[in-house]
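Trainee: Dropping the structure in here first, questions after.
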Amino acid sequence: MRPPDKPRGRGVDEETFDAFYAASVGRLIGQLYAMTGDLAEAQDVVQEAFVRAWERRAQLDLDGGAPEAWVRTVAWRLAVSRWRRMRTALSFARRQGPPATVPPPEPHHVLLVQALRGIPEAQRRAVVLHHLCDLTVEQVAAETDSPVGTVKSHLSRGRASLARLLADTELDPRTGLGPGTGLGPGSGPDQGTGSATDPGPGTAKRPEVPHV
C-alpha cells in the first residue's frame with residue numbers, strides 16, 4: 001500500500017502547527033474510532049499520523065491544502081497495516097507534553113460504533129467519511145481511491161445494514177436516529193454530492209452533522 005502524496009504548500013511554523021494539532025486531534029480520534037471500533041488504536045494511529053505531518057510541516061498549507069484529510073488518510077492506512085513508529089511517536093509526544101483530556105464518547109456514539117463494527121470495512125469507512133466527516137461522495141471517492149459508483153454502493157448497503165443493526169435501539173432509523181449521527185432519513189448518497197452545509201443547487205440538504 002503506497003503512502004499518500006506529500007502535502008504541498010507554503011509550510012507552517014511550529015506555533016501554527018501546534019494550533020492545527022490542538023484544533024483537530026480530538027475530531028480525528030473520534031472519526032478513526034468510528035472507523036476502527038478501537039479507541040486506543042484510534043488514538044495511536046492519529047498521533048502517529050501527526051508525527052508524519054510534523055515531519056512534513058515545511059510543505060503543509062493550512063489554508064487550501066486539506067491537511068486534516070491528509071492526516072486522516074495516513075491514520076487510516078496505519079490502522080490497516082498495524083505499523084508503528086514508536087520512537088518517533090514518543091519523541092513527538094514528549095514535545096507536546098501530556099495529551100489533552102478527551103471526554104468519553106457519548107452513549108449514542110458508542111452505540112453507533114458498535115453497529116458500524118457489524119458491517120464490512122469498506123462500507124464502514126465510506127459511511128464514516130460521508131456522514132461523520134461530512135465529505136461529499138466525490139471527496140470520499142478521492143480519499144478512498146474508489147470510483148464514485150462504488151462509494152454510492154458502499155453507502156447504500158452500509159446504511160441498509162446499519163438500519164437492521166440499529167433496529168429497536170435509540171438510534172432506530174425508523175424514528176429518525178439519535179442526535180449527531182447524520183444517518184437519519186434523507187441523508188443517503190442519493191441526496192446529491194454536495195456537503196451537508198452546501199449541498200449545491202437543486203440538491204436536498206442533508207441534516208447537519210456535528211464533528212465527533
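Readers should treat all values here as calculations from the given coordinates under stated rules, not as data from a laboratory. Everything numeric in this text was worked out from a predicted model, so none of it was measured. For neighbour counting, all protein chains shown are included, and Cβ atoms are generated from backbone atoms with ideal geometry for every residue, glycine included.
Trainee: Grab the beta carbon distance between Asp18 and Arg117, set R0 = 30 Å, and tell me the FRET efficiency rounded to 0.05.
Mentor: Working: r = 34 Å, r/R0 = 1.12.
That pair, Asp18 with Arg117, gives E of 0.35.
Trainee: Could you tell me whether segment 102-141 comes out rounded, prolate or oblate from its Cα gyration tensor? Rule is a ≥ b ≥ c as square roots of the eigenvalues, rounded for a/c under 1.5, then prolate if a/b exceeds b/c, otherwise oblate.
Mentor: Oblate.
Trainee: Order these peptides, 137-150, 35-48, by their mean beta-carbon neighbour count within 10 angstrom, highest first.
Mentor: The packing order, highest mean first, is 35-48, 137-150.
Trainee: Determine, for each peptide in 105-111, 14-20, the mean count of other beta carbons within 10 angstrom over its residues, then list the peptides with the highest first.
Mentor: Averaged packing, sorted descending, gives the order 105-111, 14-20.
Trainee: Which peptide among 53-59, 152-158 comes first, and what is the full order, when sorted by highest mean count of other Cβ atoms within 10 Å?
Mentor: Sorting 53-59, 152-158 by mean packing, highest first, produces 152-158, 53-59.
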